[in-house]
1. Please list, ordered by chain and number, the residues whose modelled amide H lies under 5 Å from the amide H of Y57; skip anything fewer than 5 residues away on the same chain.
2. What order do you get for L140, L21 when you list them from fewest to most C-beta neighbours inside 10 Å?
3. Each residue of region 38-45 in order: what ³J(HN,Hα) in whole Hz does its phi give by Karplus 6.51 cos²θ - 1.76 cosθ + 1.60, θ = phi - 60°, with x for Gly and Pro?
4. Would you please give the residues with an amide H less than 5 Å from that of F34, counting only those at least 5 places away or on a separate chain, with H modeled from the backbone geometry?
5. What length, rounded to one decimal in nm, is gained on full extension from K32 through to K64, with 0.36 nm per residue of separation minus their alpha-carbon distance?
6. Please give, to one decimal in nm, the separation of the simple spin-label points placed at E99 and L20, each 7 Å out from Cα toward the Cβ.
7. Output the direction-averaged projected area (hull surface divided by four) of the convex hull of the alpha-carbon atoms of region 14-92, in nm².
8. Binned at 5 Å from 0, what are the whole-percent values of the Cα-Cα distance distribution for region 19-149, short to long?
Amino acid sequence: MSALHNVSIFQSLTEEDPALLESHGRRRRYDKNFIAVQEGDEGSSMFVILTGRVSVYTANADGKRLWLRDMVAGDYFGEYALLDDSPRSATIHTAEPSEFLEISRDAVLQTFAQSPDAAFGLIQDLVGRIRDLTLRAKALALANSGAKVVFALLSVSVREDGVLVTEVPLTVEQIAERVGVQRETASRALTTLKRKRCVTERARSGQAGAYFEIDPERAPASRISWLTKNRKCGSTRLQTAPDSSSARFSP
C-alpha cells in the first residue's frame with residue numbers, strides 16, 4: 001500500500017492513484033536538526049512526512065523564532081506552493097531523523113484535476129489550519145504566561161494512563177519560543193505551575209529538555225477550554241475587547 005493512503009487529502013483517491021502519484025515523487029532523508037525547507041526560499045512542490053518529526057516556525061530579521069506547529073508521519077507541508085508562486089512561508093526543522101516524499105506541483109495538480117474530492121480535501125485542511133492558527137493567536141495574545149506555557153505543553157501531549165504527557169522533551173527555551181515569551185517568563189510560569197501541581201516534570205533521559213505530565217483535572221485536555229476557564233492553576237480567562245457598538249468616541 002502506498003504511504004500516501006495515510007495522508008488526509010489523498011484518502012479519497014482510488015487504490016491505484018496514490019501509488020502512481022508516489023512514483024512521481026522523490027524521497028528525501030534528513031538527519032536530526034536539519035533545515036529541510038527555509039522560509040523565503042522559492043518552492044514548487046509539497047512534501048509528505050513518511051517518518052520522523054519536524055518543527056515548523058517563522059522568524060523575523062533578527063532571527064527571533066515563532067513556533068507554529070509540530071508535524072509527524074502522515075502530515076504534509078509546502079502545500080501553499082501548489083496554489084501560488086510565493087516564497088516558502090515557514091522553515092521546516094527536523095526534530096529527529098526524517099524521511100519525506102517530495103511531489104511536484106504539476107503532479108499534484110494533475111491528480112486534483114482527476115479527483116476533485118482530493119482538491120476539496122486540501123481546502124478543508126487549509127481551513128482547519130487557519131482556524132487553529134486563529135485560535136492560537138487569540139489565546140497567546142490574551143492569555144497570561146501560565147496559560148501560554150500549558151498551551152505549549154499541550155501542543156505536544158498525548159493521553160497516557162489518565163494523564164497528559166508530552167511526547168517529546170522540551171527545554172525552557174523551546175517552551176518560550178513556542179509561545180513567544182522570554183525565557184525568564186517561561187521559567188517563572190513553569191515553576192508556578194509545578195508548585196500548584198498542574199504540571200509535573202518527569203525524570204530526564206540524559207538528553208536536552210524534559211518530559212512533562214499535565215494534570216487533566218487542573219488543566220483539561222482541550223487547550224482552548226483550558227485557556228478560557230478559571231482553574232486552580234491560575235486565572236486564565238480570556239479578556240475580550242469591549243463591544244465596539246457601545247464605545248463612545250469624541251469627534
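Derivation of every value follows stated rules applied to the coordinates shown; laboratory data play no part. Note that the coordinates shown come from a computational prediction; the quantities given were computed from them, not determined experimentally. Neighbour counts run over all protein chains shown; Cβ positions are idealised from the backbone, glycine included.
1. Result for Y57 returns L68, T91, H93.
2. L140, L21
3. So the Karplus estimates, Gly and Pro as x, are 9, 3, x, 6, 6, x, 9, 8 Hz.
4. Answer set, sorted by chain and number: T94.
5. Gain on extension, K32 to K64, equals 9.4 nm.
6. Reported label-point gap for E99 and L20 is 2.5 nm.
7. The Cα convex hull of region 14-92, projected and averaged over all directions, gives 6.0 nm².
8. That works out to 2, 9, 16, 22, 21, 16, 8, 4, 2, 1, in percent per bin.
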